[in-house]
Amino acid sequence: MRRGLTVLACLCTVVGAQYFAISKWGIRHESIDLFDAARQRPVSVDVAVRRDYEWKADAGYWKLPVAIISNGNTVKNTEYSFLANVFAARGYMVVSIQQDNPGDPPLVTKVGQPYVGRLDVYKKGEANILFAIDQLKKRDPNANYDQLTLVGHSNGGDTAMYFAKQHPDLTAKVVTLDNLRVPFVLNDRMKILSFRSDDPHFQTDPGVLPTPAQAKADGIDIVHTKYQHTWMSDRGPENAKEAIQSALDAFLGDSTVSDLRPVDTSNLIGFNKGMPLP
């Protein structure tokens, strides 16, 4: 077992080093301050894209797939670079949206109400995503906004899952990191990956996770970890981030056109079987 963990650690380190190198030299980040006049609301986004694929898209050779990242409560949209680098390295245009602004009401928990009293928060996040997409279409038309990958941590993961429920026609994949409130979409045409924490301070509401039978039927991948809830951002330790990167890389597989060779973690991480990351 110790040897197996050592091998996994080495593989995760290799993947992390690859993404660090690409992020330093090949990925362009740009912060854009948008304003939704209809809602009188600022919407800040951070766009990450691999330069060579951006050039190919601008030349009309193909359209960039799009990944939307929604931040967790009190975490900045720029604090998910370890995720953005994986998607950007694989050819995605990554749009990290700042879902909460100063002055927004605090999150509340009201048992018995839809999504424990946070429905308005998820509707706000849905509107932010739709607005950002609409604005980016004008600015970056050479991207595929019709088959989105929704990504989110904690409350941002619930926002991603809520958006997928409301817009299954626009959603190809969902990746959540410890979303706790919104039940999973059950749709065998939508690829879903979820990382779960082992944190007594953050408990998943009943009915959010699919049953093992539902997960198997719809191909939903649940990865249990030993990590704290708050580690699933750039604030987490390097070993946690590298293991999540490795699992995400394996999940994305050959669905994009990256020059990187995905690390084979099939014998180390049990997708769709609830097996843990160390």
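The values are calculated or read from the model by the stated rules, or taken from the named source; none is laboratory data. The shown structure was predicted, so the numbers you read here are calculated from the model rather than taken from an experiment. Here Cβ is always computed from backbone atoms with ideal geometry, including for glycine, and neighbour counts include all displayed protein chains.
Points to keep in mind about this one:
- Odd one out for Thr78 among (1) β-branched (Val, Ile, Thr); (2) within 26 Å of Ala243 (Cα to Cα); (3) not in a loop (DSSP other than H, G, I, E, B): (3)
- Some residue of segment 112-121 being more than 26 Å from Ala38 (Cβ to Cβ) and basic (Lys, Arg): no
- Of all residues in segment 177-201, those that are of a type in the set (S, T, N, Q) have Cβ atoms under 6 Å from Cβ atoms of residues that are crowded, with 18+ Cβ neighbours inside 10 Å and not in a loop (DSSP other than H, G, I, E, B), 6 or more apart or on another chain, in Asn179/Gly157; Asn179/Asp158; Asn179/Met161; Ser194/Thr176; Ser194/Ile222; Ser197/His229.
- Filtered residues of segment 191-207 (kept if buried (at least 19 other Cβ atoms within 10 Å of the Cβ) and in a loop (DSSP other than H, G, I, E, B)): Ser197
- Residue count, segment 47-72 (criterion: touching a His at 6+ places or on another chain (Cβ under 6 Å) and under 18 Å from Asn101 (Cα atoms)): 1
- Residue tally, condition in contact with a strand residue (DSSP E or B) (Cβ under 7 Å, 6 or more places away or on another chain) and acidic (Asp, Glu), over segment 111-157: 1
- Considering segment 179-205, the residues that are in contact with a Gly (Cβ under 8 Å, 6 or more places away or on another chain) and farther than 16 Å from Val116 by Cα include one that is modelled with the lowest pLDDT, namely Asp188.
- Residue within segment 83-94 that is touching a Leu at 6+ places or on another chain (Cβ under 7 Å), crowded, with 21+ Cβ neighbours inside 10 Å and on the phi > 0 side of the Ramachandran plot present: yes
- Residue match in segment 120-128 (condition: of a type in the set (A, V, I, L, M), part of a helix (DSSP H, G or I) and farther than 18 Å from Asp46 by Cβ): yes
- Residue tally, condition closer than 18 Å to Leu252 by Cβ, part of a loop (DSSP other than H, G, I, E, B) and modelled with pLDDT of 95 or more, over segment 208-224: 0
- Evaluation of Asn155 against the conditions (1) surrounded by 23 or more Cβ atoms within 10 Å (Cβ to Cβ); (2) closer than 18 Å to Ala48 by Cβ; (3) of a type in the set (S, T, N, Q) shows that the sole unmet condition is (2).
- Residues being in a strand (DSSP E or B) and over 16 Å from Ser233 (Cα atoms) - total across segment 156-190: 4
- Qualifying residues in segment 123-152 (those that are buried (at least 16 other Cβ atoms within 10 Å of the Cβ) and in contact with a Pro (Cβ under 9 Å, 6 or more places away or on another chain)) - the one nearest to Leu64 (Cα to Cα): Ala143
- Scan of segment 33-46 for residues that are under 15 Å from Ser96 (Cβ atoms) and either charged (D, E, K, R) or out of contact with any strand residue (DSSP E or B) (no Cβ under 8 Å at 6 or more places or on another chain) (or both), ordered by number: Asp33, Asp46
- Boolean, Ala89 is in contact with a helix residue (DSSP H, G or I) (Cβ under 6 Å, 6 or more places away or on another chain), farther than 17 Å from Asp134 by Cα and of a type in the set (A, V, I, L, M): yes
- Residue match in segment 92-114 (condition: modelled with pLDDT under 95, assigned to a helix (DSSP H, G or I) and either touching a Phe, Trp or Tyr at 6+ places or on another chain (Cβ under 7 Å) or among the small types (Gly, Ala, Ser) (or both)): no
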